[in-house]
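Q: Pasting in a structure now, in C-alpha cells, and then I'll have a few things to ask.
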C-alpha cells in the first residue's frame with residue numbers, strides 16, 4: 001500500500017530494480033551449464049577437449065562471473081603487465097584523453113567558425129555546401145586518410161574524434177547565433193555597442209544554451225566513435241581492449257568493458273548537461 | 001522666436017516592392033512631415049498597418065526609409081544613436097542579465113571610460129527613479145510585466161538621451177499596471193523635461209501624456225492627417241483629467257478621427273487646402289463641441305517654424 005502512494009521517482013526506481021533483477025535472473029538461468037548433453041564421438045572429444053565437445057561450458061559467462069571480473073577490474077584498474085595486458089582504468093584513460101583532446105580542438109575551431117557563419121549570411125552560403133557534404137560522412141571513413149597523412153595511429157584517432165565532434169558544434173553554434181532575438185540586437189544597436197563587445201555580451205550569452213546542446217551531442221558522438229576508432233588502430237584504449245578480449249574470447253571482460261563504456265558516457269553527458277544548465281536563462 | 005526643432009522628419013516614405021517583383025510597389029506611408037521641439041511629448045496615433053512602428057524605427061535609425069530624411073539635432077539620421085533611446089514594446093531585456101546588469105550595460109555603452117563603481121551608482125539611481133530599488137539583483141524572468149517595462153524605461157533614461165522613443169510601451173500590460181506606469185512617465189518626464197515620441201493605440205494615454213497628438217490616416221498610403229494640440233493644462237493627473245471641459249472635446253475628436261475620418265481622409269485631401277508639409281494643427285479642446293464634428297478649427301502651424 002505504501003509503495004503505491006510513494007513518489008513517482010521511487011516507483012520508477014523500484015521498477016528499474018525489478019527489471020534489472022529479472023534480466024540478471026534470466027541471464028543466469030540461460031548461461032548456467034546443464035549436464036547430460038548429447039552423446040559425443042570420443043574421437044571428436046579427444047580432439048577439441050571434453051567440455052567444448054559436450055557444449056557444457058559455453059563461452060557466455062553468467063552474471064556472477066561477470067560481476068567477479070568487474071570487481072577484479074575495479075579493484076585493480078591501473079596495472080601494467082606488458083603492452084597487451086594493461087588495467088582497464090589505463091585503457092579508459094587513453095580513450096577519455098583522446099576524446100577530450102579531439103573534442104576540445106574541434107570546439108576551438110567549430111565555435112568561432114559557427115559564430116562567423118551565424119553572423120554572416122555570405123559565409124553561411126559559401127560554406128554550406130561543404131558542410132552538407134562532409135557532415136554525413138562516417139568519421140571512420142577519414143581514418144585511412146588520417147593514417148596516411150599523420151602516420152601515427154594515436155593522433156589519427158584523435159583526428160577522427162575531431163572531425164566527428166565538429167559538425168554538431170558548428171551547426172548548433174551557427175544556428176544559435178542566427179536565431180538571437182532581433183530585439184536584443186536592436187537594443188545593442190541603439191546603444192551603439194561595438195561589434196566585438198556585442199558578440200561577447202549579447203550574442204554569445206544569448207546563443208550559449210544552443211551552443212552547449214551542440215557540445216553535448218558532440219561529446220556523445222565522440223565517445224561512440226572512439227571505441228570503433230581504437231578497434232581499428234589498436235594499441236591502447238578501451239576500444240582496443242574490447243577487440244583484444246574478443247580475440248581472447250573473454251566475454252566477461254567484454255561485458256565489463258561495455259558497462260564501463262556506458263558509465264563513462266553517462267558521466268560525460270551529465271557533465272555537459274550541468275554546464276548547459278549554468279548558461280541557460282529563463283525567459 | 002524661431003527655434004530649430006530637435007527632430008525634423010522631412011518627406012518620409014516607406015515602400016515595399018511587390019512580392020512577385022513586378023507591378024507597383026506598396027506604399028505604407030508617404031510624404032510624412034513632422035517636427036518635434038525640445039522638451040515636447042508627441043504621441044502618434046493611427047490604426048495598425050499605417051506604418052507607425054516604421055516611423056519610430058526610422059527615427060531610432062534601426063530602419064532606413066525609402067524616401068525622405070530625418071534631421072536630429074541638425075544632423076541627418078543614418079543609424080542608431082545613443083542620443084535617441086528606444087523603449088521597446090516587448091521590453092527587450094537581456095534575460096541572462098540582472099536588472100542592474102541590464103541598466104549597467106546601457107550605462108557602460110554610453111560612458112566607456114567610467115569605473116565599475118561609477119557605472120553601478122549611475123545605474124542604481126535610474127533603477128530607483130523607476131521605483132525598482134531592491135529588485136536590482138533580480139533576473140527579468142522573476143519580474144512582472146510592469147516591472148520589466150520599468151527596467152526598460154530605466155535603461156533608456158540611464159543613457160541620458162536627447163530623445164526618448166517609445167513603441168506602444170504599455171500595450172502588453174494590464175490596465176492597472178498601465179495606469180501606474182503612465183503616472184510614472186508623467187512624473188519622470190516632468191522632472192527631466194525629456195523629449196518624447198511615443199506610439200500608442202490608447203486615446204486616453206495620448207491625452208494624459210502628449211502635448212501634441214499626431215493623427216495618421218489608414219495605410220496603405222498613410223499620411224499625417226492633422227496634429228491635435230493638447231490644451232489640457234499641465235501637470236495632468238489621470239484621476240482629474242476627465243473633469244476638465246477640454247477633455248471630452250479632445251477625446252471625441254480623436255475617437256471621431258479613428259472611427260470615421262482616418263478612413264475617409266482622402267476626400268478631405270481632395271477637397272483642397274491640405275498641405276502634407278504643414279498638416280493642420282487643431283485645438284478641439286478650445287472649440288465648441290458642436291463645431292468639432294463637422295468643421296474642425298484649423299490653426300496655423302505652430303511657432304511658424306516652416
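The values are calculated or read from the model by the stated rules, or taken from the named source; none is laboratory data. Owing to the predicted nature of the structure, the values given are computational and were not obtained by experimental measurement. Neighbour counts are summed over all protein chains in view; Cβ atoms, including those assigned to glycine, are modelled from backbone coordinates with ideal geometry.
Q: What number of residues within the stretch B:70-81 are surrounded by fewer than 17 Cβ atoms within 10 Å (Cβ to Cβ), assigned to a loop (DSSP other than H, G, I, E, B) and either touching a helix residue (DSSP H, G or I) at 6+ places or on another chain (Cβ under 9 Å) or without any contact (Cβ under 8 Å) to a residue 12 or more places away in the chain (or both)?
A: Residues of the stretch B:70-81 surrounded by fewer than 17 Cβ atoms within 10 Å (Cβ to Cβ): B:71, B:73-76, B:78-79.
Now restrict to residues that are assigned to a loop (DSSP other than H, G, I, E, B): B:73-74, B:78-79.
Now drop any that are not either touching a helix residue (DSSP H, G or I) at 6+ places or on another chain (Cβ under 9 Å) or without any contact (Cβ under 8 Å) to a residue 12 or more places away in the chain (or both), which leaves B:79.
Adding up the residues that qualify gives 1.
Q: Another question, if that's okay. Say whether the condition of being away from chain A (no Cβ under 14 Å), exposed (fewer than 12 other Cβ atoms within 10 Å of the Cβ) and on the phi < 0 side of the Ramachandran plot is met by at least one residue in the stretch B:29-39. Full working, then the answer.
A: Just the residues of the stretch B:29-39 that are away from chain A (no Cβ under 14 Å), to begin with: B:29-39.
After this cut, where a residue has to be exposed (fewer than 12 other Cβ atoms within 10 Å of the Cβ) as well, the list is none.
Within the stretch B:29-39 (the criterion being away from chain A (no Cβ under 14 Å), exposed (fewer than 12 other Cβ atoms within 10 Å of the Cβ) and on the phi < 0 side of the Ramachandran plot), the answer is no, since none of the residues qualifies.
Q: Then there's this: Kindly indicate whether any position in the stretch B:174-181 is within 14 Å of another protein chain (Cβ to nearest Cβ) and crowded, with 18+ Cβ neighbours inside 10 Å. Write out each step before concluding.
A: Within the stretch B:174-181, the first condition is being within 14 Å of another protein chain (Cβ to nearest Cβ), and the residues that meet it are none.
No, the stretch B:174-181 has no match at all.
Q: Anything in the stretch B:80-110 that is under 26 Å from residue B:67 (Cβ atoms) and more than 8 Å from chain A (Cβ to nearest Cβ)? List them, or say none.
A: Within the stretch B:80-110, B:83, B:89 qualify.
Q: Considering (1) within 14 Å of chain B (Cβ to nearest Cβ); (2) in contact with a helix residue (DSSP H, G or I) (Cβ under 6 Å, 6 or more places away or on another chain), say which one residue A:241 fails and leave the rest.
A: Only one criterion is unmet by residue A:241, namely (1).
Q: Hey, another quick one. Looking at (1) at pLDDT 95 or above; (2) more than 10 Å from chain B (Cβ to nearest Cβ); (3) out of contact with any helix residue (DSSP H, G or I) (no Cβ under 6 Å at 6 or more places or on another chain), which one does residue A:214 not meet, given that it meets all the others?
A: The one condition residue A:214 does not meet is (3).
Q: Yes or no: residue B:113 assigned to a loop (DSSP other than H, G, I, E, B), at the interface with chain A (Cβ under 10 Å from one of its Cβ atoms) and either surrounded by fewer than 20 Cβ atoms within 10 Å (Cβ to Cβ) or in contact with a strand residue (DSSP E or B) (Cβ under 8 Å, 6 or more places away or on another chain) (or both)? It would help to see each step written out before you state the result.
A: On the way: assigned to a loop (DSSP other than H, G, I, E, B): yes; at the interface with chain A (Cβ under 10 Å from one of its Cβ atoms): no; either surrounded by fewer than 20 Cβ atoms within 10 Å (Cβ to Cβ) or in contact with a strand residue (DSSP E or B) (Cβ under 8 Å, 6 or more places away or on another chain) (or both): yes.
Here the answer is no, as residue B:113 does not meet what is asked.
Q: Regarding the stretch B:49-69, can at least one residue be identified that is surrounded by fewer than 17 Cβ atoms within 10 Å (Cβ to Cβ), out of contact with any strand residue (DSSP E or B) (no Cβ under 6 Å at 6 or more places or on another chain), more than 30 Å from residue B:260 (Cβ to Cβ) and within 14 Å of chain A (Cβ to nearest Cβ)?
A: There is at least one residue in the stretch B:49-69 that is surrounded by fewer than 17 Cβ atoms within 10 Å (Cβ to Cβ), out of contact with any strand residue (DSSP E or B) (no Cβ under 6 Å at 6 or more places or on another chain), more than 30 Å from residue B:260 (Cβ to Cβ) and within 14 Å of chain A (Cβ to nearest Cβ).
Q: Which residues, taken from the stretch B:238-251, are in contact (Cβ under 8 Å) with a residue 40 or more places away in the chain and under 21 Å from the mean Cα position of the chain (by Cα)?
A: B:238, B:247, B:250, B:251
Q: For the stretch B:133-144, which residues satisfy the criterion of being surrounded by fewer than 15 Cβ atoms within 10 Å (Cβ to Cβ) and away from chain A (no Cβ under 13 Å)? Even if it seems obvious, please write down each step before you answer.
A: Within the stretch B:133-144, the subset surrounded by fewer than 15 Cβ atoms within 10 Å (Cβ to Cβ) is B:133-134, B:137, B:141-142, B:144.
Correct list: B:133, B:134, B:137, B:144.
Q: If I filter the stretch A:244-252 for residues that are more than 14 Å from every other protein chain (Cβ to nearest Cβ) and at pLDDT 95 or above, do I get at least one hit? Before you say what the answer is, go through the steps one by one.
A: From the stretch A:244-252, those more than 14 Å from every other protein chain (Cβ to nearest Cβ) are A:244-252; that's our starting set.
Now restrict to residues that are at pLDDT 95 or above: none.
Scanning the stretch A:244-252 turns up no residue that is more than 14 Å from every other protein chain (Cβ to nearest Cβ) and at pLDDT 95 or above.
Q: Of the residues B:130, B:103, only one is surrounded by 17 or more Cβ atoms within 10 Å (Cβ to Cβ) and at pLDDT 95 or above; which? Show your work before the answer.
A: Working: B:130 fails: at pLDDT 95 or above.
Exactly one of B:130, B:103 is surrounded by 17 or more Cβ atoms within 10 Å (Cβ to Cβ) and at pLDDT 95 or above, namely B:103.
Q: May I ask you to say which residue of A:190, A:201 is within 13 Å of chain B (Cβ to nearest Cβ) and farther than 18 Å from residue A:112 by Cβ? Steps first, answer last, please.
A: Details: A:201 fails: farther than 18 Å from residue A:112 by Cβ.
Sole residue among the options that is within 13 Å of chain B (Cβ to nearest Cβ) and farther than 18 Å from residue A:112 by Cβ: A:190.
Q: Does residue B:50 fit the bill of being at pLDDT 90 or above and closer than 23 Å to residue B:229 by Cα? Write out each step before concluding.
A: Details: at pLDDT 90 or above: no; closer than 23 Å to residue B:229 by Cα: yes.
In short, no.
Q: Just give me the residues in the stretch A:141-158 being assigned to a helix (DSSP H, G or I) and more than 15 Å from residue A:95 (Cβ to Cβ), in sequence order. Walk me through it before giving the result.
A: Initially, the stretch A:141-158 is screened for residues assigned to a helix (DSSP H, G or I), giving A:141-150, A:153-158.
Those that are assigned to a helix (DSSP H, G or I) and more than 15 Å from residue A:95 (Cβ to Cβ): A:141, A:142, A:143, A:144, A:145, A:146, A:147, A:148, A:149, A:150.
Q: Residues that are away from chain B (no Cβ under 14 Å), assigned to a helix (DSSP H, G or I) and in contact with a helix residue (DSSP H, G or I) (Cβ under 6 Å, 6 or more places away or on another chain): does the stretch A:177-184 have at least one? Explain how you work it out, then say what you get.
A: Restricting attention to the stretch A:177-184, the residues satisfying the condition of being away from chain B (no Cβ under 14 Å) are A:177-179.
Going one step further and asking which of them are assigned to a helix (DSSP H, G or I), we end up with A:177-178.
Checking the rest, the ones that are also in contact with a helix residue (DSSP H, G or I) (Cβ under 6 Å, 6 or more places away or on another chain) come to A:177-178.
Within the stretch A:177-184, one or more residues are away from chain B (no Cβ under 14 Å), assigned to a helix (DSSP H, G or I) and in contact with a helix residue (DSSP H, G or I) (Cβ under 6 Å, 6 or more places away or on another chain).
Q: Quick one: count up the residues across the stretch B:185-224 that are assigned to a helix (DSSP H, G or I), touching a residue at least 40 places away in the same chain (Cβ under 8 Å) and in contact with a helix residue (DSSP H, G or I) (Cβ under 9 Å, 6 or more places away or on another chain). Quick ask: steps written out before the conclusion?
A: Within the stretch B:185-224, the subset assigned to a helix (DSSP H, G or I) is B:185-192, B:203-209.
Within this subset, residues satisfying the condition of being touching a residue at least 40 places away in the same chain (Cβ under 8 Å) are B:186, B:188-190, B:203-207, B:209.
Applying the additional criterion that residues be in contact with a helix residue (DSSP H, G or I) (Cβ under 9 Å, 6 or more places away or on another chain) yields B:186, B:188-189, B:203-207, B:209.
Residues that pass the stated criteria total 9.
Q: Considering A:113, A:134, A:92, which residue is in contact with a helix residue (DSSP H, G or I) (Cβ under 8 Å, 6 or more places away or on another chain) and farther than 23 Å from residue A:210 by Cα?
A: Numbers: A:113 fails: farther than 23 Å from residue A:210 by Cα; A:134 fails: farther than 23 Å from residue A:210 by Cα.
Going through A:113, A:134, A:92 in turn, the sole match is A:92.
Q: Inside the stretch A:51-71, can you point out the residues that are modelled with pLDDT under 60 and part of a helix (DSSP H, G or I)?
A: Residues satisfying the conditions are A:51, A:52, A:53, A:54.
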